[in-house]
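For reference, the structure discussed in these notes is given below.
The values are calculated or read from the model by the stated rules, or taken from the named source; none is laboratory data. Just so it is clear, the structure is predicted and the values come from calculations on it, not from any experiment. Ideal geometry is used to build each Cβ from the backbone, glycine not excepted, and the neighbour counts take in all protein chains shown.
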Amino acid sequence: MKKTEYLEKLTQVGTLEDDAARRSLITELSEAAGTLFDDVDTLNEAKAKWTEERKTLQAYNMDLYLQVQNQNNPKAQDPETDKEPPKYEDLFDANGDLK
């Protein structure tokens, strides 16, 4: 049932004189509302599932991207990066000046 149909029937409930017709209209509206709530619950469950799957795929994608970047980055494979950092004594000469 569309929103406009639902609202029209809801306004008819107040204008009907016949109690039997009013009851049947209220029953129809309550069934439509129940269906809508069930649909919303189903969609929320699907949304939660897809959100979790998207986060998992995003994490896998980031891991793959980092692996490719490490393979293509020559600085990461440069043997000079394995050198020890200069020592404090190597930075100054005998007079205390910078080398």
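Return yes or no: is Thr35 exposed (fewer than 10 other Cβ atoms within 10 Å of the Cβ), modelled with pLDDT under 95 and among the hydroxyl-bearing types (Ser, Thr, Tyr)?
no
Can you name every residue in region 8-32 that is of a type in the set (Asp, Glu) and surrounded by 13 or more Cβ atoms within 10 Å (Cβ to Cβ)?
Across region 8-32, the qualifying residue is only Glu28.
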